[in-house]
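Worksheet: the structure to be examined is printed underneath.
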Amino acid sequence: MKRGNAPLYLSFLYNNPEILASYPYMKKNLLFMLLISFSLFVLYVLLELFLPVQRDNESIEILVQKGSSFRQASDMLKKSNLIRDSRVFLLLGRLTGADRKIRAGYYSLWTGMTPVEILKILRSGRIIEYEVKVLEGDSIPEIAEAFAKTGIISADSFRKLVSDPEFLSYHRIKAPTAEGYIFPDTYLIPKGMEPEEALDMMISKMREKFTEELNRRMQDLGMNETQVLTLASIIEKEAVIDSERNTISAVYHNRLRRNMILQADPTAIYGIKSSKEKITLADLKRRTPYNTYVIKGLPPGPIASPGLKSIVAALNPDKVPYIYFVAQDDRSHRFAVTDKEHAENVRLYRMKKQEIKEAGREGANGRDPS
């Protein structure tokens, strides 16, 4: 090939051989510059991620609103002076998959945290939550206090809410209050959640327990949801030993079939005083809508939150003829079919109680009861 026909850049290199000679050095310099640039970039990223923005270490709460994207959360963290570069934080979020979904709620952070530590909390969804425990047999006053301790809602406001007609209508509750519809469990309520939302979760959990089998059984017995929960709540307050739940259920079913008053002691004090207090003769005679010593049939609604065992027992009574039972000192019960049998069981209970009382009195006087 003639020099005159060669491409222009080849002619240039041919006429300037010193450039071609320096090419290896240029290549080394370029690689060196790229390496320096990359090292500076890595150093910058490391400093951004592992060095706290602030030197002090104070608690701070950050609210991630519902529907917020990871980018919006990053911008908010920058505005709160918790991260320096939201772009680097966003990049790390993409690399770790944290940007795909971020849980809404209040996050408890510290100003001395590194961006990596903050990302771990956001990625885990570790928002501020309040623990609310609803025990089996708890009534509205106990549940109201459990809510009040968290600051979610005051006890008075809670009692008003669970008896509000609009609230009851929305949840299809055909009872004077939401008593008995709040399933006993331990709940974690996110900070900022409305009390109505929290109760909706608890009521939904109660209804989840009504399986197709239980619903069929309810229809077979000709009962509705309120009646089942009402009977289950009475069983919950009466039964201590699990093996007796279905037998206690049978007693009430037998009484209902015979059109007898239920005479369930816990109903006599519902809404009057705590179930931990002693039930007196005056309590049994007091006329209230719930006292089954003075009304026929079931009360207008539940008297407590029944557990699943009591709900199942209410729908599956034992096939026994009992219509009476009396509690024993060991919290078990003696069951009877006739008035005579029941009277004897009551006599034995009182005699045993008297013996224990006398033994205690003799022991207090320093005498050997034997």
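Just so it is clear, none of the values below were taken in a lab; they were calculated from the coordinates. Just so we're clear, the structure is a prediction, and the values are computed from it rather than from any experiment. No Cβ is skipped: glycine too gets one built from the backbone with ideal geometry, and neighbour counts run over all protein chains shown.
Things to note:
- Think of it as helices only: each DSSP H run of n ≥ 4 in the chain is worth -39500 (n - 2.57), and spread over all residues that comes to -16000 deg cm²/dmol at 222 nm.
- Extension gain from ASP329 to GLU208, taking 0.36 nm per residue of separation minus the Cα-Cα distance: 40.0 nm
- Helix 17-50 vs. the chain, principal-axis angle (Cα, 0 to 90°, nearest 10): 20
- Among (1) -0.46, -1.23; (2) -0.25, -1.39; (3) -0.30, -1.36, the entry that matches log10 I(q)/I(0) by the Debye sum over Cα atoms at q = 0.06, 0.15 Å⁻¹ as calculated here: (1)
- Most to least packed among 129-142, 328-341, 311-324 [average Cβ atoms within 10 Å]: 311-324, 129-142, 328-341
- The trypsin sites (Lys or Arg not before Pro) found in the range 247-289 that occupy coil by DSSP, while having at most 10 further C-beta atoms within 10 Å, are ARG258, LYS276, LYS278, ARG287.
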